[in-house]
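Reviewing the structure listed below.
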Amino acid sequence: DTGVSQDPRHKITKRGQNVTFRCDPISEHNRLYWYRQTLGQGPEFLTYFQNEAQLEKSRLLSDRFSAERPKGSFSTLEIQRTEQGDSAMYLCASSWETGANEKLFFGSGTQLSVL
Amino acid sequence: QKEVEQNSGPLSVPEGAIASLNCTYSDRGSQSFFWYRQYSGKSPELIMSIYSNGDKEDGRFTAQLNKASQYVSLLIRDSQPSDSATYLCAVKGFYFGSGTKLNVKP
């Protein structure tokens, strides 16, 4: 399977706990994106990396959220002290940056439920 | 004001009709525009991209861009029930609108 892989597919946690999600992009892709999507809404941009550098982070993103891409390959998204409002689908996407001609490939997502 | 605005719909069209989906954006400096399709319970997938003013056609799909009006649209000709999905407009590659749900009735 050479697509974008996300793990886990589902995560149920209690309010206040920390959670971490992993994304493995398509191997030759140098850009990696994290999104959050709730029912009836489009993907909300969280952050993106070019190789290992985090180039942009949504100003709406709480300090409880942090993402890393230490070796420019896989990435992790951590949410600390989860709240019920964090319940959503977390999508990862990757691309090969080619200026204006960039196509995002999405993973299947991690569905987070905070009880 | 949101970066990208779309009418949430649902937009209902009969099979064989033309479906017209619209999107406006706020950043006048945006250069790249994309349309993604998302089926229920699935992840978005790219339909087409457009960078220059005017029309771009790909099969049954036509994207239209008007930078002066900050407006992007997607036309789907000969709509099929399999086109029923949410259509997402993306600006600068990675800022998405909330999507328009399209229902194509047989």
Legend entry - Burial ranking of peptide ranges A:44-50, B:39-45 (average Cβ count within 10 Å, highest at the top): A:44-50, B:39-45
Legend entry - Whole-Hz ³J(HN,Hα) from phi, Karplus 6.51 cos²θ - 1.76 cosθ + 1.60, for region A:90-95, glycine and proline x: 9, 9, 10, 9, 9, 7
Inset, instruction - Within the set of other residues whose C-beta is less than 12 Å from the C-beta of A:Glu102, count the net charge using Lys and Arg as +1 and Asp and Glu as -1. - result: +2
Inset, instruction - Please give the direction-averaged projected area of the C-alpha convex hull for chain B, in square nanometres with one decimal. - result: 6.1
Legend entry - DSSP beta bridges in chain B [antiparallel fraction, %, rounded to 5]: 90
Inset, instruction - Provide the per-residue ³J(HN,Hα) series for region B:32-38, in order, calculated from phi with Karplus coefficients 6.51, -1.76, 1.60 and θ = phi - 60°, each as a whole number of Hz, with x at glycine and proline positions. - result: 10, 9, 9, 10, 10, 10, 10
Legend entry - Percentage of interatomic Cα-Cα distances in the protein assembly as shown larger than 21 Å: 55
Inset, instruction - Please give the average number of partner chain Cβ atoms lying within 10 Å of the Cβ of each residue in B:86-96, rounded to a whole number. - result: 5
Legend entry - Eligible lysines near B:Lys56 by straight Cα distance, threshold 21 Å, same-chain separation 8 or greater: A:Lys103, B:Lys67, B:Lys92
Inset, instruction - Beyond 17 Å, what share of the Cα-Cα pairs of region A:46-115 is found? Please give it as a whole percent. - result: 50
Legend entry - Interface area, B with A, accessible, probe 1.4 Å, both sides summed, Å² nearest 100: 1400
Legend entry - Lys, Arg +1 and Asp, Glu -1 on Cβ, resulting dipole of region B:53-100 about Cα centre, debye, nearest 20: 200
Legend entry - Heavy-atom accessible surface of chain B: percent carbon and sulfur, 1.4 Å: 46
Inset, instruction - For peptide A:35-43, compute the average count of partner chain beta-carbon atoms within 10 Å of each residue's beta-carbon. - result: 6
Legend entry - Burial of 10 Å² or greater, region B:24-48 residues [accessible area, probe 1.4 Å, versus chain by itself]: B:Ser32, B:Phe34, B:Tyr36, B:Gln38, B:Ser43, B:Pro44, B:Leu46
Inset, instruction - Would you mind working out the magnitude of the charge dipole of the protein assembly as shown relative to its Cα centre, with +1 at each Lys and Arg C-beta and -1 at each Asp and Glu C-beta, to the nearest 20 Debye? - result: 480
Inset, instruction - Would you mind telling me the antiparallel percentage of the DSSP bridges in chain A, rounded to 5? - result: 90
Legend entry - About the Cα centre, charge dipole magnitude for chain A (Lys/Arg +1, Asp/Glu -1 at Cβ), debye: 380
Legend entry - Packing-based order for A:104-110, A:61-67, using average beta carbon neighbours within 10 Å, highest first: A:104-110, A:61-67
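The values are calculated or read from the model by the stated rules, or taken from the named source; none is laboratory data. Please read all numbers here as calculations on a predicted model, not as lab measurements. Methodologically, a virtual Cβ is constructed for each residue, glycine included, from the backbone with ideal geometry; neighbour enumeration extends over all protein chains shown. Accessible surface areas use protein heavy atoms only, side chains included; no ligands, DNA or RNA. Shrake-Rupley method; radii C 1.70, N 1.55, O 1.52, S 1.80 Å.
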